[in-house]
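Peer 1: Dropping the structure in here first, questions after.
Any read-out appearing in this document is the output of simple, stated calculations on the displayed coordinates, not a laboratory observation. Worth saying up front: this structure is predicted, and the values here are computed from it rather than measured. Positions of Cβ are generated from backbone atoms using ideal geometry, with glycine treated the same way; all protein chains shown enter the neighbour counts.
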Amino acid sequence: MDELTVNGIVVGGEDVGEADRLVRLLTPELGVIAAKMRGVKKEKAKLKFAAMPFSFCEYVLIKRGAYYSVKTASQTESLFGVTSSPDRYVIGSVMLEAAAAAAGTDSAEIFVELLTALKTLIYSDTDAYSVGLNFVYRLLVLGGHIAAGRSDGDYNVPVSEQKSLPRGRSERLLKAYLGLFSDKFCRRLLSAELIGK
């Protein structure tokens, strides 16, 4: 059994059995991979922190069949500040889903964009919806769905330099960009009521 060490952000997951969890990790090298974490739902589990959405860790994985199994994990940086407000949490969750949907086998740029946007969400006073809007816009540009242009000046700038848009406008534009990204994906977010109708 070969071991593989990767940096990854948990972008989702699901419970398996009574104590296990199958997590989806976004990695720069492999894109999104599934990894089983044994016993992490137990109260005193040592790796419980590494199975939660927004976990940014260095994972040591062992390949087992169609998925990996997590042997150990060490936290690289805490991104749990996203949970400090409902707006940040909702937009952070949208960004995790969008990054997972956009990731291919070589996802280094998407990984960096997600990490940068999550840090901005946590540490800046920029409106959460503006950060989410800029992130989804960048994914659309990276994926070739839309071309970056001068008319997109408010959105085609580094997140750290972005101006806050009025809340209603950034919400509407975020929904429009999510619709461009994937109608099915947008419907899923709307039905889960992660963003307003």
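Peer 1: What is the pair-distance distribution P(r) of the stretch 73-130, computed from all Cα-Cα distances in 5 Å bins starting at 0, with each bin given as a whole percent?
Peer 2: Bins of 5 Å from zero give 4, 19, 29, 23, 18, 6, 2 percent of pairs.
Peer 1: In nanometres, what is the gap between the two model label sites at T76 and R38, each 7 Å from Cα along Cα-to-Cβ?
Peer 2: According to this spin-label approximation, the distance is 2.6 nm.
Peer 1: Report the gain in length on full extension from E18 to Y67: 0.36 nm times residue separation, minus Cα-Cα distance, nm rounded to one decimal.
Peer 2: In short, 15.8 nm is gained.
Peer 1: Modelling each spin label as a point 7 Å along the Cα-to-Cβ direction, I'd like the A45/D87 distance in nm, to one decimal.
Peer 2: Taking the two extended label points, one gets 3.3 nm.
Peer 1: Still on this structure: On average over all directions, what projected area in square nanometres does the stretch 3-77 have, based on the convex hull of its Cα atoms? Don't skip to the end; give the middle numbers.
Peer 2: Details: hull surface 17.9 nm².
Projected over every direction and averaged, the Cα hull of the stretch 3-77 covers 4.5 nm².
Peer 1: Hey, another quick one. I need the trypsin sites (Lys or Arg not before Pro) found in the stretch 5-87, filtered to DSSP loop residues with at most 15 other beta carbons within 10 Å of theirs.
Peer 2: Numbers: sites: R21, R24, K36, R38, K41, K42, K44, K46, K48, K63, R64, K71; in loops: R38, K41, K42, K44, K46.
Here the trypsin sites (Lys or Arg not before Pro) that fit, given the DSSP loop and packing criteria, are K42, K44, K46.
Peer 1: A further question on this structure: Kirkwood Rh over alpha-carbon pairs of the stretch 52-94, then Stokes-Einstein at 25 °C and 0.890 mPa s: what D in µm² s⁻¹, rounded to an integer?
Peer 2: 204 µm²/s
Peer 1: Within the stretch 1-75, which GluC sites (Glu not before Pro) sit in a loop by DSSP and count at most 14 neighbouring Cβ atoms inside 10 Å?
Peer 2: Here the GluC sites (Glu not before Pro) that fit, given the DSSP loop and packing criteria, are E18, E29, E43.
Peer 1: Taking 2.2 N^0.38 Å as the expected size of a compact globular protein, what ratio does the Cα radius of gyration of the stretch 36-150 give against it, to two decimals?
Peer 2: The value comes to 1.18.
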